[in-house]
Amino acid sequence: MRQQTKKSYVSETVSRLKPSGIRRFFDLASGMEGVISLGVGEPDFVTSWNIREASILSLEQGYTSYTANAGLLELRQEIAAYLMRKFHVEYNPETEILVTVGASQALDLAMRAIINPGDEVIVVEPCFVAYEPLVALAGGTPVLVETHGDDHFKLRPEQIEQVITDRTKALIICSPNNPTGTVLQKEELEAIGRIVKKYDLLVVADEIYAELTYDGTYTSVAAVDGMWERTILISGFSKGFAMTGWRLGFAAAPNEILQAMLKIHQYAMMCAPTMAQYGALEALRNGGQDVEYMRKSYRRRRNYFVQSLNEIGLYCHMPGGAFYAFPSIQSTGLTSEQFAERLLFEEKVAVVPGNVFGASGEGYIRCSYASSLEQLQEAIKRMKRFLERL
Amino acid sequence: MKLSEKEVEIIEILEKDARIPMETLAKMVELTVEETEAIVKKLEETKVIVQYAALVDWRKVDGHEGVTAMIDVKVTPKRGVGFDEVAERIYRFPEVKSVYLMSGAYDLSVVIEGRSMSEVAQFVSEKLSTLDSVISTTTHFILKKYKHDGTVFDQGDQDRRIVVSP
């Protein structure tokens, strides 16, 4: 028989973490029939066949052992070439690139590699749900900076300067942003870079959506003048190459930082899955056209969806990247949670309430437009009906 | 004909789904409905868009399953008109769905649709083989269509993603 214990075996740090708000919506929506889900944070494409086939071939040929801790050298070379080709940033594949289990693991490694107990890391909200917990788990203190809808969720350099203390170590930037789709332009990154340099900070740049930008040219944080040496560039294959389930990402950073991340990685993970690395190799060598096809398809759906949201009365700025629309629902007088819950129960459309991405996401909902056009059209119809009834 | 980026985009979208509402199409390419309609009309008038047709899975319709044959045809080209004249004589038959001039072991690839194998066989022996320029024919019947014009038959559009994720 089990004995009831009063003592909790769970660490205080973990006990203090609040569970992700997304979880609750997942539980609500997953039991229901006929739901159109705009709550999915991943592409609706299946990974291209040539990538899947390359991975199958690697299995057939018996490539089933560990790779180097940092990942297959061939793959790191391809990643270096890709970063140069796409973003004009130069990394040494032997010492400055690490293949990880998704961009998520790269984020975790980055935090653990740079944070001393009590160090502060600036997190810009609304943002991906993992940043704050990962900082806390690494012993750091997340310091929140809020961006706002009336400013299209742009990060202003003076906001960073206001929260900098002696303990500030780093700043996490995600552009294009999940959930807002906001893309920081070159001049904006330069202005942020000036503050980062002035206070001798690091930037952890989550650029997982960099392949998916729709207007103008994309600038990587590491490509900004004087920022290469202060940037941990994090990306991966999940979004651009539609490879979420493969769990394959990478980090690129100056040698000292990257070697520190590698040290943790070799103890905690050994290496990223070998078969996924072979798939990624094919993705970088021959996947460009498919990425372009998917990008085009998202852009068309973005155009349709965002214009339609505005037409039915939910104000939404045109997001420059990722595959999320982040419309305001303030005109309805409902909170994000109330709106999302009622929309789910009354019209069977699942969206994610904006407040799960941070307090400044309150008054907004995140809708992924990585769904078929038919589904998006039907979702708009249902949302329109819902709004008219309110 | 040199087309603009938006025009090409409209063609690409219509090629996938010709029945897309004009309003949706206009939004996707960030034009007004009127502008989009004008472009579609122009594409129709210039025969860039030749026609809109339904892709039918006839196997599902009892009594209309039909048969499709691909016939490799060797012909003697004629001075002055090359293969064009004989190709025209062949493609004028309504049973003929497509005719292509090929490189390689034979000259024309002819696709025929008929109600039964004997109907196709009759066409080949009576109409095709008897043409003066035709030297020989090799008929291949299609047993099963897996993918046609870029569309996979019997493909469930199953979404395997979990309903809500960060």
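The values are calculated or read from the model by the stated rules, or taken from the named source; none is laboratory data. Being a predicted model, the structure only gives us computed values, none of them experimental. With ideal geometry, Cβ positions are generated from the backbone for all residues, glycine too; neighbour counts draw on all protein chains shown.
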- Message: Condition first: within 17 Å of A:Asp150 (Cβ to Cβ) and among the aromatic types (Phe, Trp, Tyr). Now tell me which residues in region A:289-320 satisfy that.
- Response: A:Tyr315
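Test A:Ile208 against the stated conditions and say whether it is surrounded by fewer than 23 Cβ atoms within 10 Å (Cβ to Cβ) and in contact with a Lys or Arg (Cβ under 6 Å, 6 or more places away or on another chain). So that I can check it myself, show each step before the final result.
On the way: surrounded by fewer than 23 Cβ atoms within 10 Å (Cβ to Cβ): no; in contact with a Lys or Arg (Cβ under 6 Å, 6 or more places away or on another chain): yes.
Taking the combined requirement at face value, the residue does not satisfy it.
For A:Ser37, indicate whether it is of a type in the set (S, T, N, Q) and within 14 Å of another protein chain (Cβ to nearest Cβ).
Numbers: of a type in the set (S, T, N, Q): yes; within 14 Å of another protein chain (Cβ to nearest Cβ): yes.
For A:Ser37, the condition - of a type in the set (S, T, N, Q) and within 14 Å of another protein chain (Cβ to nearest Cβ) - is met.
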- Item | Exclusive hit being within 17 Å of A:Phe25 (Cβ to Cβ), among the aliphatic types (A, V, I, L, M) and touching a residue at least 60 places away in the same chain (Cβ under 8 Å), set A:Val356, A:Val291 | A:Val356
- Total residues in region A:331-364, condition in contact with a Gly (Cβ under 8 Å, 6 or more places away or on another chain), closer than 16 Å to A:Val129 by Cα and within 12 Å of chain B (Cβ to nearest Cβ): 4
- Message: Of everything in region A:1-25, what is touching a residue at least 12 places away in the same chain (Cβ under 8 Å) and either among the aromatic types (Phe, Trp, Tyr) or facing chain B (nearest Cβ under 9 Å) (or both)? Give them in sequence order.
- Response: A:Ser20, A:Ile22, A:Phe25
- Query: For region B:140-162, how many residues meet the condition of being among the hydroxyl-bearing types (Ser, Thr, Tyr) and either touching a residue at least 24 places away in the same chain (Cβ under 8 Å) or not in a loop (DSSP other than H, G, I, E, B) (or both)?
  - Reply: 1
- Note on the structure: Picked from region A:307-316 (must be crowded, with 19+ Cβ neighbours inside 10 Å and in contact (Cβ under 8 Å) with a residue 40 or more places away in the chain), the residue farthest from A:Ile51 (Cα to Cα) is A:Leu314
- First in region A:266-280 and more than 9 Å from A:Trp246 (Cβ to Cβ), second anywhere and among the basic types (Lys, Arg) and at pLDDT below 95, Cβ under 6 Å, 6 or more apart: none
- Task: State whether the residues of region B:48-70 include one that is over 27 Å from B:Asp154 (Cα atoms) and of a type in the set (D, E, K, R).
- Result: no
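Here's the yes/no breakdown for (1) away from every other protein chain (no Cβ under 14 Å); (2) in contact with a Leu (Cβ under 6 Å, 6 or more places away or on another chain); (3) within 29 Å of A:Thr213 (Cβ to Cβ):
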{"position": "A:Tyr131", "(1), (2), (3)": "no, no, yes"}
{"position": "A:Ala136", "(1), (2), (3)": "yes, no, no"}
{"position": "A:Gly149", "(1), (2), (3)": "yes, no, yes"}
{"position": "A:Gln162", "(1), (2), (3)": "yes, no, yes"}
- Note on the structure: The residue that is surrounded by the most Cβ atoms within 10 Å (Cβ to Cβ), considering only those in region B:111-166 that are small (Gly, Ala, Ser) and within 14 Å of chain A (Cβ to nearest Cβ), is B:Ser165
- Quick one: how many residues across region A:33-73 are surrounded by fewer than 20 Cβ atoms within 10 Å (Cβ to Cβ) and under 22 Å from the mean Cα position of the chain (by Cα)? 3
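Matching residues to (1) within 22 Å of A:Leu59 (Cα to Cα); (2) hydroxyl-bearing (Ser, Thr, Tyr):
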| residue | (1), (2) |
| --- | --- |
| A:Cys271 | yes, no |
| A:Arg295 | no, no |
| A:Tyr298 | no, yes |
| A:Gly320 | no, no |
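For region A:317-325, indicate whether the set of residues that are of a type in the set (Ser, Thr, Tyr) and either surrounded by fewer than 17 Cβ atoms within 10 Å (Cβ to Cβ) or away from chain B (no Cβ under 14 Å) (or both) is non-empty. Reasoning before the result, please.
Of region A:317-325, the ones of a type in the set (Ser, Thr, Tyr) are A:324.
Then drop every residue that is not either surrounded by fewer than 17 Cβ atoms within 10 Å (Cβ to Cβ) or away from chain B (no Cβ under 14 Å) (or both), which leaves none.
Among the residues of region A:317-325, not one is of a type in the set (Ser, Thr, Tyr) and either surrounded by fewer than 17 Cβ atoms within 10 Å (Cβ to Cβ) or away from chain B (no Cβ under 14 Å) (or both), which makes the answer no.
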- Neighbours by Cβ (under 7 Å, 6+ apart or cross-chain): first from region A:209-228, at pLDDT below 95; second part of a loop (DSSP other than H, G, I, E, B): A:Asp215/A:Gly320
- Message: Every residue in region A:290-316 that is over 19 Å from the mean Cα position of the chain (by Cα), away from chain B (no Cβ under 14 Å) and of a type outside the set (Phe, Trp, Tyr), please.
- Response: A:Asp290, A:Gly313, A:Leu314
